[in-house]
Amino acid sequence: MKISDDISREVKKDEERYDKLILSLTVYMTVIAVFYFFLNIIYQFKAPWYIFLFLALTGILSHYLYKIKRVLLAKVFGLTSFNVIIYLVSSSESPLTNVGLYFATAGIAALVLFNRNEQIKAYCFIGFSLILYLLGRYLPYSPLPYRTFSEEQMNIVSIVNMLAFAGVSAYLIILLLNANARHKKSLSRQNAELVKINRDLDKFIYSSSHDLRAPLSSLLGLIYLAEIEKEEATRQEYFQMMRKRISTMDLFIHDLIDYSKNLRQDVEHKATVIAKLIEEVIEDLIYLDGARELSISINILEGVIVDCDPTRLRVIFSNLISNAIKYRDPSKQQSTLIIKGSILNDELRIEFRDNGIGIPKEHIGKIFNMFFRAHDISIGSGLGLYIVEETVKTLQGNINVSSEVGIGSTFILTIPGVVKPPSS
């Protein structure tokens, strides 16, 4: 089940940050190799040139592996190579140079590179770094020729290694703390969303069971009356009432399907001609009771295209237009609905303005609540506007409403995405 698209987007942003982190570490590895290479030339530390080449190639190859989506291989290769290089250097020179501190850096890097689902790998690399440190520190053997330093060289190399270790390790620790903070924030948002979903689910089950049982109970009563009624005209009245109850149930079930689809289905990005979609929705609603009594005018430039989910847009438009039909004002000589679209800041703004019965001010803030009905004459499920708002949120859009009893209502829908105006 999809918790929410907001959380999905946040997860995607975290993944993008994580990608940048790994790529930056591979670049730092290459930069460090170049830095130590020139430092070795300037102060004549006698370190073999191929060590620096190996370190630089490790950074470059790790970067390339990550770019081609060989993520695990990039991590394993990069950390293994870095540890081996530090071992080769540390085992061939005095521990007073502080090069062994880089094993700690490698351990911190393992914690940063492997997420919470890969902690075993991180601990394995920490153990690997510890073993190599002990071997380099206490085993009287080195694969490379042992190097000695003058007092001046020892002071320089130890200070440089200490400063480099401190800087890189501090950077990694900050990244690790930031990652933990983002993880906690993400968990907090997910928990809040789950609380909302559970609350809505409880209300949904209670109210939907009542809204399904009520027409069913009414149907049973009407069937019994029709069975014992002898007058044909009265029986036909009962049948007509049955049809209305079944129609009510059908509308309610349709709303349930829309609600479920919005929760479970991923957003589909597809080029959608807005004016054409609205016209199709109006055609679908033409047989709704009272539809022919509402005059609908569409003022949207032909050819305006929005990169959005047409199925969800259809649900939004259908609910808003059908509400204008259901809650038209019979006291007015002509019921109207004006649909007007405009483009602002690469977003599509659609206004639905009707001259219906309007919504009382005290109910404006509640109309998007689940199962809320603003009027005693409400014939819907009470889910329509709730579904509209949830669907708009899924599309990262926004919807506002203003209304006055006896005057009418205006819903303003803003849809983000790449909007393409008609060519001139």
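General observations
- The range 311-322, residues that are over 14 Å from G397 (Cα atoms) and touching a strand residue (DSSP E or B) at 6+ places or on another chain (Cβ under 8 Å): L320, I321
- S295 meets all of the listed conditions (1) closer than 29 Å to V273 by Cβ; (2) at pLDDT 90 or above; (3) not in a strand (DSSP E or B) but one, namely (3).
- Breaking point among (1) surrounded by fewer than 20 Cβ atoms within 10 Å (Cβ to Cβ); (2) under 20 Å from V405 (Cα atoms); (3) of a type in the set (D, E, K, R), for R328: (1)
- Flag for K244 being more than 20 Å from the chain's Cα centre (by Cα), at pLDDT below 85, surrounded by fewer than 11 Cβ atoms within 10 Å (Cβ to Cβ) and not hydroxyl-bearing (S, T, Y): no
- Strands (runs of 3 or more DSSP E) contained in the range 339-424 and holding at least 2 residues more than 30 Å from the chain's Cα centre (by Cα) and modelled with pLDDT under 85: none
- Every residue from the range 291-335 that is farther than 26 Å from E390 by Cβ and without any contact (Cβ under 8 Å) to a residue 60 or more places away in the chain: R292, E293, S295, S297, N299, P330, S331, K332, Q333, Q334, S335
The values are calculated or read from the model by the stated rules, or taken from the named source; none is laboratory data. All values reported here derive from a predicted model rather than from experimental measurement. In this analysis, Cβ positions are derived from the backbone assuming ideal geometry, glycine residues included, and neighbour counts consider all displayed protein chains.
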